[in-house]
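Q: Please read through the structure below; I'll follow up with questions.
The values are calculated or read from the model by the stated rules, or taken from the named source; none is laboratory data. This structure is a prediction, so every number in the text was calculated from the model and none was measured. Methodologically, a virtual Cβ is constructed for each residue, glycine included, from the backbone with ideal geometry; neighbour enumeration extends over all protein chains shown. Note: areas computed on protein heavy atoms with side chains; ligands, DNA, RNA excluded. Shrake-Rupley method; radii C 1.70, N 1.55, O 1.52, S 1.80 Å.
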Amino acid sequence: MAAPGDDGNGGPSRIPKDMKSLLQFCVQATQAEDPTTSADFSQMSDERKEWLEKALTDMSVSPVERMQLCVRVVKMEGDSDDGVEKKVTALEEITEWAEQIDFAIDFHKIGGFEILPVLLNSDVAELRWTCLDLIGTMTQNNPYCQAAVLEADLLPTLLQLLDSDLDPTVRTKALYAISCLSRENCEAQKVFVDKDGFSVLMRAMQADVEKLKIKSSFFLTHLCSNRPAYKDILCDIGMIDQLVGHLGEDHSQLHEHLMSALLMIVTDHSRAVAECRRPELQLHQLLKDRIQLVKDKEEFQEEEQYATQLLRIISEGDSTVDCGAR
């Protein structure tokens, strides 16, 4: 019989963390049984009683002990197919615990962060992206873990993975981790800027990965909404040219996010407005054509609003421009 917390193969078994999880666990484990069997505990077989009692006991397991077990699995297992599977399972459980801020802090306090650099540099893409998912979960709205990740100097590694990893899922998860780490954290944003993070973000938007482009645009909008000073940096590196260039490509879901980012950059920023007015960009015509393309189409309503506002801002003082207002 496997030891408590062990799946019988050397990896950690999943433990229900609350009553809802336990009920789901019970349903899944008894699906193959006769549906007419009574659920009355007194009528259960001894084997089923023992199983249910163990499940209830396991609910009181210590999160710290579970995370320590998972860390040991990550450290001890190799990179064979079986070893990778066990590591991924362990990391996913840690990530589930880390959704609660206190447990994420506990993970750092028990020395769990020592596995992060090794995983981020693993040759196995799945281990890299699972680790990045864990970092994002831990740092989201968690100032303690944000500070701990910065102290461990992991942000440069995250930027490197976003910039040059060959696996698109790794790159997308790296951006997720960077976003969670940087939100409402001035120190993280300072490191991001010092490490030329906006250029990395700019290159990420050039990738042939739609999801990465969308998330990059969204992150860019968020940064500019909180720190208007970043708009000068974006003008310096040619971000406006790139955004307009992408808007000239075949129409897609991405364009709504590009419009939002560009609108945020030009709002209350005269230099960005002047950049958008450069004749070679032909942005005026592009916006007018786009407004006509998406007009009265409910699925593109927000994009139409962004385009209309953007056209109005860059056309102020030009009475000949029709901003597409209905």
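Q: If we only count helices (runs of 4 or more DSSP H) wholly inside the stretch 181-261, which ones have 3 or more residues that are closer than 30 Å to GLU299 by Cα?
A: Output list reads 197-204, 210-226, 239-247.
Q: Oh, and also: Does GLN253 count as over 24 Å from the mean Cα position of the chain (by Cα), of a type outside the set (Gly, Ala, Ser) and either open to solvent by 80 Å² or more (accessible area, probe 1.4 Å) or under 18 Å from LEU212 (Cα atoms) (or both)?
A: Considered against the rule, which asks whether it is over 24 Å from the mean Cα position of the chain (by Cα), of a type outside the set (Gly, Ala, Ser) and either open to solvent by 80 Å² or more (accessible area, probe 1.4 Å) or under 18 Å from LEU212 (Cα atoms) (or both), GLN253 comes out as no.
Q: Filter the stretch 224-245 down to the residues that are at pLDDT 95 or above and either farther than 23 Å from ALA188 by Cβ or hydrophobic (A, V, I, L, M, F, W, C) (or both) and list them by number.
A: Those that are at pLDDT 95 or above and either farther than 23 Å from ALA188 by Cβ or hydrophobic (A, V, I, L, M, F, W, C) (or both): ILE233, LEU234, CYS235, ILE237, GLY238, MET239, ILE240, ASP241, GLN242, LEU243, VAL244, GLY245.
Q: Follow-up question, since we're still on this one. Please verify whether GLY111 is at pLDDT below 75, small (Gly, Ala, Ser) and surrounded by fewer than 18 Cβ atoms within 10 Å (Cβ to Cβ), treating the condition exactly as stated.
A: no
Q: Further question: Looking at PHE198 and the list (1) open to solvent by less than 60 Å² (accessible area, probe 1.4 Å); (2) under 15 Å from the mean Cα position of the chain (by Cα), which single condition is not satisfied?
A: PHE198 satisfies every listed condition except (2).
Q: A follow-up question, please. I need the full set of residues from the stretch 262-291 which are part of a helix (DSSP H, G or I) and open to solvent by 40 Å² or more (accessible area, probe 1.4 Å), in order please.
A: Within the stretch 262-291, MET264, SER270, ARG271, ALA274, GLU275, PRO279, GLU280, HIS284, GLN285, LYS288, ASP289 meet the criteria.
Every residue, every condition in (1) out of contact with any Asp or Glu (no Cβ under 8 Å at 6 or more places or on another chain); (2) closer than 14 Å to VAL71 by Cα; (3) assigned to a loop (DSSP other than H, G, I, E, B); (4) open to solvent by 10 Å² or more (accessible area, probe 1.4 Å), yes or no:
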residue	(1), (2), (3), (4)
GLY83	no, yes, no, no
LEU134	yes, yes, no, no
VAL149	yes, no, no, no
ASP153	yes, no, yes, yes
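Q: Given the criteria at pLDDT 90 or above, in a helix (DSSP H, G or I) and open to solvent by less than 30 Å² (accessible area, probe 1.4 Å), does ALA90 qualify?
A: So ALA90 fits the description; yes.
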